[in-house]
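Asks: Below is one structure. I have some questions about it.
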Amino acid sequence: MLIVIENLLASDEVADLRARLNDARWIDGNQTAGTRSIAVKQNLQVDRECPVGRELSNILLRRLGETPRFVSASLAEKIWPPVFNAYQDGGHYGTHVDSALMRDNARGLTLRSDLSATIFLSDPDSYEGGELVIEQEYGAQGVKLAAGDMVLYPSSSLHQVTPVTSGQRLCAILWLQSAIADAAERALLYDLDQSIQALSADRAVDDPDVDRLIHVYHNLVRRWAQV
């Protein structure tokens, strides 16, 4: 399941984030790459101990918690704090899969990566290349979104960032553990929840058909959740 959430951030919020990232401490992205990833990864990222990066990361976490579609699609149990990265001057990240288990001993955080997300912070017309290419069951799909948009996709998928041949591609990335580990079950719950939301808009607040669908939704969550 690949889901695009448009306008997660407004244009003025994106501009503020970008301006504040100028004061962040940037490091070579290879410092957080695995043994095999080092050979295919060329980018910059904000040091996770940088106060500016931490503050901006918390801003994004709050926004995600306030975004109903993200909550519905992810059913997030744990979220790895967003990491800011930059690709320029041919920077790229070759085909790879995200680590299944992610541990941060300093923060006492361990999560199973069920879903990955990229929040685009650069106007797509401001750089060449830099597509996020995600391999899915029916073929590879390239993603290059407007600034402020986010794509949510399975962490289990092979994916890459193609070389940025001009300009700069600035993004925030994150990983999460869902309360619903099974991707097919999570997709069914998302479709059901979106249908409930659509139907509720035209029905009375005490509509019995909507109430029954909500009843089914929550009992499926209760059956499948791993918390």
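The values are calculated or read from the model by the stated rules, or taken from the named source; none is laboratory data. These numbers were taken from a predicted model, which means no experiment stands behind them. Note that each Cβ is placed from the backbone with ideal geometry, even for glycine, and that neighbours are counted across all protein chains shown. The accessibility values were calculated without ligands, DNA or RNA, using every heavy atom of the protein model including side chains. Shrake-Rupley method; radii C 1.70, N 1.55, O 1.52, S 1.80 Å.
Asks: In whole percent, how big is the carbon plus sulfur part of the accessible area of segment 42-104, probe 1.4 Å, protein atoms only?
Replies: Reported share for carbon and sulfur atoms: 51 percent.
Asks: Sticking with this one: Quick one: if you stick a label point 7 Å off each Cα along the C-beta vector at ASP182 and ASP23, how many nm between them?
Replies: With each label point 7 Å from Cα toward Cβ, the separation is 4.9 nm.
Asks: Quick one: helix 11-21 against the long Cα principal axis of the chain, what's the angle to the nearest 10°, folded into 0 to 90?
Replies: Orientation of helix 11-21: about 40 degrees from the principal axis.
Asks: Which value, in debye to the nearest 20, describes the size of the charge dipole of the chain about its Cα centre when Lys and Arg Cβ atoms bear +1, Asp and Glu Cβ atoms bear -1, and nothing else is charged?
Replies: My answer is approximately 800 debye.
Asks: May I pose another question? Suppose the chain between GLN194 and ASP125 were pulled fully straight at 0.36 nm per residue; how much longer would it get relative to their current alpha carbon spacing?
Replies: Additional length available on full extension: 21.7 nm.
Asks: Please compute the per residue accessible area over the chain with all protein chains in place, 1.4 Å probe, rounded to a whole number of Å².
Replies: 52
Asks: OK, next. With angles folded into 0 to 90 degrees, how steeply does helix 208-224 sit against the dominant principal axis of the chain? Use alpha carbons for both and round to 10.
Replies: 50
Asks: Ratio of Rg to Rh for the chain, alpha carbon only, Kirkwood?
Replies: 0.99
Asks: Still on this structure: Students often check this: by mean Cβ neighbours within 10 Å, which of 4-13, 79-88, 157-166 ranks highest, and how do the rest follow?
Replies: Output ranking for 4-13, 79-88, 157-166: 79-88, 157-166, 4-13.
Asks: For SER166, what charge total do you get from the other residues with a beta carbon under 15 Å from its beta carbon, if Lys and Arg give +1 and Asp and Glu give -1?
Replies: Neighbourhood net charge equals -3.
Asks: Within segment 114-215, what whole-number % of the accessible surface is contributed by carbon and sulfur, with the 1.4 Å probe and all protein chains included in the calculation?
Replies: 52
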